[in-house]
Amino acid sequence: MHHLSKMPRAKTVLQSTFPYHVTARCHNKEWFKGPIETVWDIFSQQLTFLNWGFNMNIHAFVLMNNHFHLIVSTPESNLSSGMSFFLREIANSINKKSGRINQVFGGPHFRCTIESPLYYLHCYKYVYLNPVKAGLSSNCESYPYSSLNFLLGGSTASFPVACDDTL
């Protein structure tokens, strides 16, 4: 008789065909330590490095008080290595700025593959409406910690965003 605990886990195959929706939350659902403007700057620097150092294409990004949403494609099928670097560097930078030593994120990133144009549109809408649903902004266009804000000319671009036909 086989026990479920002894059965091998299915391996997740990374791919380069479809984008991913990626998110990670702070430990214990706490807010990021430090002013959100500082946290935004840290994320922006690391998103720039993800784009250039890991050849990842950022399609959408929203920073919330205790988590983030990212739509990204990976032409080199390197999501795991890129996100591992990204989360580690974000945590190190936030801890350095805030004088903390403990973990920032409550676990590894969560990802789902966006395999259809309709699902992409739903995900895109979900990511950008997140601040509105959380009561942080009256509309998604004016939320300052979002790639949509600079895609629509509300602020200067903080990191490279892939060419977007969705808008």
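So here's what we get for this one:
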{"read-out": "Of all residues in segment 12-47 being within 22 Å of Tyr126 (Cβ to Cβ) and charged (D, E, K, R), the one that is modelled with the highest pLDDT", "value": "Arg25"}
{"read-out": "Test set (1) in contact with a Gly (Cβ under 7 Å, 6 or more places away or on another chain); (2) in contact (Cβ under 8 Å) with a residue 40 or more places away in the chain - Met83 fails condition number", "value": "(1)"}
{"read-out": "Which numbered condition Pro131 misses (of (1) touching an Asp or Glu at 6+ places or on another chain (Cβ under 9 Å); (2) outside any loop (DSSP other than H, G, I, E, B); (3) in contact (Cβ under 8 Å) with a residue 24 or more places away in the chain)", "value": "(1)"}
{"read-out": "Qualifying residues in segment 123-148 (those that are under 21 Å from Pro19 (Cα atoms) and among the polar types (S, T, N, Q)) - the one most open to solvent (accessible area, probe 1.4 Å)", "value": "Asn130"}
{"read-out": "Residue match in segment 107-114 (condition: closer than 24 Å to Gly82 by Cβ and either at pLDDT 90 or above or of a type in the set (Val, Ile, Thr) (or both))", "value": "yes"}
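The values are calculated or read from the model by the stated rules, or taken from the named source; none is laboratory data. Just so it is clear, the model here is predicted, and its values are computed rather than measured. For neighbour counting, all protein chains shown are included, and Cβ atoms are generated from backbone atoms with ideal geometry for every residue, glycine included. Surface areas here come from the heavy atoms of the whole protein model, side chains and all, with no ligands, DNA or RNA. Shrake-Rupley method; radii C 1.70, N 1.55, O 1.52, S 1.80 Å.
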